Amino acid sequence: MTRRQVLSTVAVAAVALATGFVVAGQVKAQLLTPSNQVARYQALVRSVQDLESANASSRNEISALRAQIDGLETEAAGRSAATQALEDQVSNLRAHAGLTALHGPGVEVRLANGAPGPDTSGQARYLVNFQDVQDVVNLLFAQGAEAIAVNGRRITPLTAFSGSAGQVVIDQGPPLSSPIKVSAIGDRNRMVSALDDPSALPDIRARQVQFQLHLTFLGIADLTLPAYDSSLRIPHVSPT
């Protein structure tokens, strides 16, 4: 074999070897690509599973928080209802005790002295006295009055009436004398009917005939009564 043939053979062998390396690399690359795709797919699947697990955990936490919020709102609503009920009760008690000003429909009753005349009782029965005022107040309360004031002084369940010689003292307030106005808020028609009843207030009715004692009344669409004035101090009493 000549040298040229040897060189030709060596060249052919080198080309074949290079071609083989190239073909082997391509085959290897083609064999690795599906494996890489599978790995990437598996990695994506794991990521999705991790996210789903995290979302499920978050949903559970959110559900638990919502349940806590619902419980707190229910508890707060219960407390609000109880608080409102207590506030309403206190408000009613304050109104009943005369501690709040009120307005509404009602009646005004006026009592005024009559004319002097013969009286065998030894009393000046033509004068308005504290029993007259007390009788009117009691009648109005019995007929559903929600609040009453006498000459602007609010009457309470603890109010006491006293006086003499035509003077009327309410609680420890200053003496009042004729004319005296009794204002009452409540069922106006019911109170007017009671005042118009000839059998009601018999002592006042009798003195109306004998001494012309004045008793007049009028229904009012909207009356305003002040709160009880607790600032008045008991006379003749001083701290020791």
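The values are calculated or read from the model by the stated rules, or taken from the named source; none is laboratory data. This is a predicted model, so every value here is computed, not measured. So basically every Cβ, Gly included, is an ideal-geometry build from the backbone, and we count neighbours across all protein chains shown. Ligands, DNA and RNA are excluded from the accessible area calculation, which covers all protein heavy atoms including side chains. Shrake-Rupley method; radii C 1.70, N 1.55, O 1.52, S 1.80 Å.
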Selected residue (criterion: farthest from the chain's Cα centre (by Cα)) from residues of the stretch 121-162 that are charged (D, E, K, R) and under 23 Å from residue 222 (Cα atoms): 153
Cβ pairs under 6 Å, 6+ apart, first in the stretch 115-135 and open to solvent by 40 Å² or more (accessible area, probe 1.4 Å), second of a type in the set (Lys, Arg) and part of a loop (DSSP other than H, G, I, E, B): 119/125
Qualifying positions in the stretch 136-151 - within 17 Å of residue 163 (Cβ to Cβ) and surrounded by fewer than 21 Cβ atoms within 10 Å (Cβ to Cβ): 138, 151
Lone qualifier among 185, 204 - being under 12 Å from residue 109 (Cα atoms), of a type in the set (A, V, I, L, M), open to solvent by less than 30 Å² (accessible area, probe 1.4 Å) and out of contact with any Phe, Trp or Tyr (no Cβ under 9 Å at 6 or more places or on another chain): 185
Meets criteria (in contact (Cβ under 8 Å) with a residue 60 or more places away in the chain and either open to solvent by 50 Å² or more (accessible area, probe 1.4 Å) or not assigned by TED's automatic domain parsing to the domain that holds residue 129 (or both)) for residue 171: no
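With the stretch 102-185 as the region, which strands (runs of 3 or more DSSP E) entirely inside it contain at least 2 residues that are under 20 Å from residue 202 (Cβ atoms)? Write out each step before concluding.
Details: elements: 102-112, 147-150, 180-185.
Answer list for the stretch 102-185: 102-112, 180-185.
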In the stretch 207-224, the residues that are in contact with a Gly (Cβ under 7 Å, 6 or more places away or on another chain) and either on the phi > 0 side of the Ramachandran plot or surrounded by fewer than 20 Cβ atoms within 10 Å (Cβ to Cβ) (or both): 210, 211, 212, 214, 220, 222
